[in-house]
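Data first, discussion second: the structure below is written as structure tokens.
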Amino acid sequence: MITGATGGIGRAVARAVHGTGQDVSLLDREDSRLQDLAADLAAIGSGRVTVSAGDAADQADVTAWVQQARADHGQVVGLVNVAGLWRSTAFDELDMSEVDDVITANLRTAIVCCRVVADVMLAQGFGSIVNFASTAGEYGSISPAAHYAAAKGGVIALTKSLARELTPRGVRVNAISPGPIDTAGLAAGSSATADQVASRTLLGRLGTPEEIADCVLFLLGTGSSFVTGHVLRANGGSLL
């Protein structure tokens, strides 16, 4: 189950998971974009693809999505909370409506989806949850975006806390903390050029959505079966 599935990273995650032969259930707001993605995935994997248009921050929408996924696919093996929103605004210019939007999109979505899916996974006795944090949540935002950093810091705290609560009952919870990734969202949300952002990494380039998707596959799979409560840094060395 993947939220924010039609964005740059979400699409790469969906392609990577489906490419392993797994069924995928996708949630995003725009049905037309979901249908386009489903058609794309049909050409690369043998598993089933189902989609649901809804808001990952709305418990009723998420509950309906999970119920439909269980009806269509049976067990819920993994949840990947990609849904998020990046906005760069100086703190002394920040409007509270933007604060609400950013915290809702980045933190509330993760809380709501984890809450609903945890019930299913705990009843099964197994499952893997992967949340999306950010380097901004670890050491603060380089661009003026304190509200975004606070939301992603909350995702990290959520991940570690849920690992303590859920892992003894069979559900692993981890997070990925991407550095600068070459997506449309990065280009639209920052005044810095791609070259300026890339220069902050030791590799001297932006990461790709596909590289982040590979990290997701690791955290979902058996290769990470002894890993929980971990924040996997995929940042090109921009944070050591």
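Here, each number is a calculation from the coordinates, and none is a lab measurement. None of the values given here were measured: they were computed from a predicted structure. All Cβ positions, glycine included, derive from the backbone under ideal geometry; neighbour counts span all protein chains shown.
In plain terms, the residue of Tyr148, Tyr139 with the fewest other Cβ atoms within 10 Å comes first and the most crowded comes last, giving Tyr139, Tyr148. Farthest towards the positive end of the charge dipole of the chain, among the residues Ile181, Leu162, Ala110, is the Cα of Leu162, using unit charges on the Cβ of Lys, Arg, Asp and Glu.
Close amide H pairs (under 5 Å, H built 1.01 Å from N) link Asn235 with Gly179, residues at least 5 positions away or on another chain.
With contributions of -39500 (n - 2.57) from each DSSP H run of at least four residues, the per-residue ellipticity at 222 nm computed over the chain stands at -14000 deg cm²/dmol. Here the chain is treated with +1 on each Lys and Arg Cβ and -1 on each Asp and Glu Cβ, and its dipole about the Cα centre works out to around 840 debye. Working ranking of peptides 119-131, 156-168 by packing, defined as the average number of other Cβ atoms within 10 Å per residue, highest first, is 119-131, 156-168. Annotation: amide H-H contacts under 5 Å for Val80 (H modelled 1.01 Å from N, sequence separation of 5 or more, or interchain): Ile2, Thr3, Val130.
Across the chain, C-alpha contacts under 8 Å between residues 6 or more apart give a mean separation that, scaled by the residue count, equals a relative contact order of 19 percent.
Computed over the alpha carbons of segment 2-234, Rg followed by Dmax gives 16.9, 51 Å. Estimated at 0.36 nm per residue, the fully extended path between Ser199 and Thr20 surpasses their Cα-Cα distance by 61.1 nm. With the simple spin-label model, which puts each label point 7 Å out from Cα in the Cβ direction, the Thr222 to Gln59 separation comes to 3.7 nm. Each residue of segment 198-209 was assigned a 3J(HN,Hα) from its phi angle through the Karplus curve 6.51 cos²θ - 1.76 cosθ + 1.60 (θ = phi - 60°); the sequence is 4, 5, 7, 9, 5, 7, x, 8, 6, x, 10, x Hz, with glycine and proline shown as x. Estimated at 0.36 nm per residue, the fully extended path between Ala146 and His230 surpasses their Cα-Cα distance by 27.9 nm. Backbone phi angles across segment 227-234, fed through the Karplus curve with coefficients 6.51, -1.76 and 1.60 (θ = phi - 60°), yield HN-Hα couplings of 10, 7, x, 9, 10, 7, 7, 10 Hz in residue order; Gly and Pro are listed as x. Applying 0.36 nm per residue to the separation of Arg48 and Glu93 and subtracting their alpha-carbon distance, the gain on full extension is 11.6 nm. Coupling constants for segment 56-65 follow from the phi torsions by the Karplus curve (6.51 cos²θ - 1.76 cosθ + 1.60, θ = phi - 60°), and in residue order they are 5, 8, 9, 4, 5, 4, 5, 4, 5, 4 Hz; glycine and proline get x. Compactness of segment 90-150 was expressed as the Cα radius of gyration divided by 2.2 N^0.38 Å, which yields 1.42.
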